[in-house]
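*Asks:* The structure under discussion is supplied below as structure tokens; questions concerning it will follow.
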Amino acid sequence: AGSIAEYLDAVVQQVRDQVGDRAVLCALSGGVDSSVCAAIVHKAVGDQLTCIFVDHGLMRAGEPELVAELFGRNFGMRLISVDARDRFLGKLAGVDDPEAKRKIIGEEFIRVFEEEAARLGEVDFLVQGTIYPDIIESDSAKGVVKSHHNVGGLPEDMVFDLVEPVKFLYKDEVRELGEAIGLPRELVWRQPFPGPGLGVRVVGAITPEKVRMVRESDQIFRDEIAAAGLDQSIWQYFTVCPGCRSVGVTDGVRTYGEAIVLRAVHSNDAMSADVAELSPDLLRRVTLRICAEVEGVNRVMYDTTPKPPGTIEWE
Ligand code: XMP
């Protein structure tokens, strides 16, 4: 415990040295990484920090409300919530290449920040929750696996200097740091959520309908995982819309609906992952609920691919 406290002090001091008395913006997504970063920077420079939460329309159910409640009200940070849903979905319409989607989302993020920063006056720094695996997996010398939206997706003419307090840490170390700084356990131990959000869980071109199917099925899957008492023991669990329609039958009538894929994996650092062995009973319950409750879905599948050769997300 001594060493993590010392590490935290050192990181806080580094941020203070870098930022001085100037203004900082934080890209707050509500995920573990950006939340821990916001807390570190808030500890370092207090009200010089303004957090910006961008609702890109690709959030999980209930997420924008949760972020406002937790950070704005509980932690007393300066928080601006930006509703950019139409803007992101407009830019993404018809784009089906995974890297192109990631780049658009990453770039649009920065544009929104720049606009908010301009409104706030003089802002020199941008906090980002980049962690070490993001850097490794976006390292072009090794061949790009994915352009993580907080590394490869940045536009070249960006006007901020970056503050990245956890960029040499793995996820579990970020969590330790989060606990050391006093963030609530349920926040620190949330499952990871990618910056591009549900956008990388709709395979191919994003449509509002497919986002809805992923969001609603994700909520059902999360509820059932929690009801089974597994929410703290599975690294990540979510649903994907692979965009393959198939023929089904409901009440004797033919359907031609979308499929939903369930993904649940165990991992330590997201660099590799094993498939979680969910009980047939749980899988059946989730399947029947999704087909019954999510309009337009008539088939549910379970992804049995470890990483490698799969990645955790589908794009
Ligand atoms: P993959 O799909 O590459 O994901 O096996 C590894 C871990 O990273 C998360 N992920 C992201 N996190 N920005 C993020 O902050 C991103 O662009 C991004 N893409 C994937 C993913 O959810 C998993 O935990």
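Each reported figure results from applying straightforward, stated rules to the coordinates on display, with no laboratory input. Only a predicted model underlies this, so the values are computations on that prediction, with no experimental measurement involved. Methodologically, a virtual Cβ is constructed for each residue, glycine included, from the backbone with ideal geometry; neighbour enumeration extends over all protein chains shown.
*Asks:* Could you compute Rg(Cα) / (2.2 N^0.38 Å) for segment 236-288, with N its residue count?
*Replies:* On the way: Rg = 14.5 Å, N = 53, 2.2 N^0.38 = 9.9 Å.
In units of the globular-protein estimate, segment 236-288 measures up at 1.46.
*Asks:* Any chance you could run the full-extension gain for Arg245 through Glu186? It's 0.36 nm times the residue separation minus the Cα-Cα distance, nm to one decimal.
*Replies:* Details: separation 59, 0.36 × 59 = 21.24 nm, distance 3.69 nm.
Gain in length upon complete extension: 17.6 nm.
*Asks:* What number, rounded to the nearest 500 deg cm²/dmol, is the helix-based mean residue ellipticity at 222 nm of the chain, given -39500 (n - 2.57) per DSSP H run of at least four residues and division by all its residues? Could you put the intermediate results ahead of the total?
*Replies:* Numbers: 10 runs with 122 residues, N = 315.
Calculated from helices alone, the mean residue ellipticity at 222 nm is -12000 deg cm²/dmol.
*Asks:* What is the ratio of the Cα radius of gyration of segment 1-97 to 2.2 N^0.38 Å, where N is its residue count, to two decimals? Could the numbers behind the result be given before it?
*Replies:* Working: Rg = 15.9 Å, N = 97, 2.2 N^0.38 = 12.5 Å.
My calculation over the Cα atoms of segment 1-97 gives 1.27.
*Asks:* Using per-residue counts of other Cβ atoms within 10 Å, averaged over each peptide, order 4-10, 130-136 from highest down.
*Replies:* Values: 4-10: 13.4, 130-136: 19.1.
Output ranking for 4-10, 130-136: 130-136, 4-10.
*Asks:* Calculated FRET efficiency, Ile80 and Asp161, Cβ-Cβ r, R0 25 Å, to nearest 0.05? Walk me through the numbers on the way to the answer.
*Replies:* Values: r = 20 Å, r/R0 = 0.80.
FRET efficiency, Ile80 to Asp161: 0.80.
*Asks:* Between rounded, prolate and oblate, where does segment 271-315 land on the alpha carbon gyration tensor, with a ≥ b ≥ c its root eigenvalues, rounded for a/c under 1.5, else prolate if a/b exceeds b/c?
*Replies:* The shape class here is oblate.
*Asks:* Here's another thing I want to ask about it. At 37 °C and 0.692 mPa s, grab the translational diffusion coefficient of the chain from Stokes-Einstein with a Kirkwood Rh over Cα pairs, rounded to a whole number in µm² per second. Mind dumping the intermediate values first?
*Replies:* Working: Rh = 20.4 Å.
The Stokes-Einstein estimate is 161 µm²/s.
*Asks:* Here's another thing I want to ask about it. Would you mind computing, in nm to one decimal, how far apart the modelled labels at Tyr170 and Ala93 are, each placed 7 Å from Cα along Cα→Cβ?
*Replies:* That separation, rounded to one decimal, is 4.4 nm.
*Asks:* While we're on this one: Simple spin-label model, 7 Å along Cα-to-Cβ: Val253 to Ala227 in nm?
*Replies:* 2.6 nm
*Asks:* Let me ask something else. For Met271 paired with Val145, estimate the spin-label separation in nm (one decimal), with each label point 7 Å from Cα along the Cα-to-Cβ line.
*Replies:* About 0.9 nm separates the two model spin labels.
*Asks:* Report, to two decimal places, the Cα Rg of segment 201-302 normalised by 2.2 N^0.38 Å (N = number of residues).
*Replies:* Values: Rg = 13.9 Å, N = 102, 2.2 N^0.38 = 12.8 Å.
That works out to 1.09 for segment 201-302.
*Asks:* Still on this structure, I have one more. Taking 22 Å as R0, compute the FRET efficiency from the Cβ-Cβ separation of Ile234 and Thr305 and round it to 0.05.
*Replies:* On the way: r = 16 Å, r/R0 = 0.71.
The value I calculate is 0.90.
*Asks:* Can you give the convex hull volume of the alpha carbon atoms of segment 2-188 per residue, in Å³?
*Replies:* Working: hull volume 23.2 nm³, N = 187.
Convex hull of Cα atoms, per residue: 124 Å³.
*Asks:* Also, I was wondering about something else. In percent, how large is the relative contact order of the chain, given Cα pairs closer than 8 Å and 6 or more residues apart? Spell out each step's value before the answer.
*Replies:* Values: 547 pairs, mean separation 53.5, N = 315.
About 17 percent, as a whole number.
*Asks:* Still on this structure, please answer the following. Net charge around Thr311, counting only other residues with Cβ within less than 14 Å of its Cβ (Lys, Arg = +1; Asp, Glu = -1)? Intermediate values should be presented prior to the final figure.
*Replies:* Numbers: positive: Arg102, Lys146, Arg201, Arg263, Lys307; negative: Glu99, Asp134, Glu137, Asp269, Asp274, Asp303, Glu313, Glu315.
Taking every Cβ under 14 Å from that of Thr311, the sum is -3.
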